[in-house]
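Derivation of every value follows stated rules applied to the coordinates shown; laboratory data play no part. Since this is a predicted model, take the numbers as computed values, not measurements. Neighbour counts are summed over all protein chains in view; Cβ atoms, including those assigned to glycine, are modelled from backbone coordinates with ideal geometry.
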Amino acid sequence: MRISSVGNERRHPRSQEAGVTLLELVIVMAILSLAMALVAPRFGNWSDEWTLRSAAERVAQTVRYARTRALFEQSYYVVEIEPGTRLVRVFNPASGFSRGFTLPRGVKVDDGEDPSPPVVRFLLPPSGVVEERNLWLSNRRGSKFRVHVDFLLGTPAIEAVRQGPR
């Protein structure tokens, strides 16, 4: 009489092993490579566009920051952009306060008046009234963003002017 059947069963080896063949693996890799070849150029366009937009946003934020500090401290602030070195700097000539950052590579700065200005300056007085100005940021693909400082509100706005080739 049997009490337990544990260990009494015989195991038969499987007739087929689970897994993939080399041919299946090569086909899947070819499909993935084709998909990446189609997607990669689009990712490059998106990446350049995103870099340009974030640079324009950062310049606009710097102008907003300088205007807010000028109003709060009742002192003049200056935002300087050097297109040659891509350096953006905000400073207060009276107190010596200064901060800066560098724009990403490939971003070109133009003030709309001079094709290659040595320095673009925004003067932000304590009254908050600023002159109306435009600043154009572009990349090598032809995309452009305009940072427009509004005379009435004194705050910068960003506008995509023209999209580059897709």
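R0 = 35 Å: FRET efficiency of Ala40 with Glu131, Cβ-based, nearest 0.05? Present the calculation step by step, with values, prior to reporting the outcome.
Working: r = 44 Å, r/R0 = 1.26.
In this case the efficiency is close to 0.20.
Output the peptides 48-57, 93-102 sorted from most to least packed, where packing is the average of other Cβ atoms within 10 Å over each peptide's residues.
On the way: 48-57: 18.1, 93-102: 11.5.
Order by mean packing, descending: 48-57, 93-102.
If you place +1 on the Cβ of every Lys and Arg and -1 on the Cβ of every Asp and Glu, how big does the dipole about the Cα centre of the stretch 22-162 come out, in debye to the nearest 20? Provide the component values of the computation, followed by the final result.
Details: 18 positive and 15 negative charges, 45 e Å.
Dipole about the Cα centre, nearest 20: 220 debye.
Once label points are set 7 Å from the Cα along Cα→Cβ at both Ser47 and Glu159, what is their separation, rounded to one decimal in nm?
3.1
Ordered by residue, what ³J(HN,Hα) values in Hz, to whole numbers, does the stretch 47-56 give under the Karplus form 6.51 cos²θ - 1.76 cosθ + 1.60, where θ = phi - 60° and Gly and Pro are x?
Running phi through 6.51 cos²θ - 1.76 cosθ + 1.60 with θ = phi - 60° gives 5, 5, 5, 5, 4, 5, 4, 5, 5, 5 Hz.
Using the Cα centre of the stretch 15-135 as origin and beta-carbon charges of +1 (Lys, Arg) and -1 (Asp, Glu), tell me which of Ser95, Asn134, Val39 is placed farthest towards the positive end of the dipole.
Looking along the dipole axis, the top candidate is Ser95.
Would you please state the base-10 log of I(q)/I(0) at q = 0.10, 0.14, 0.19 1/Å for the stretch 22-162, with intensities from the Debye formula using one equal scatterer on every alpha carbon?
-0.42, -0.67, -1.06
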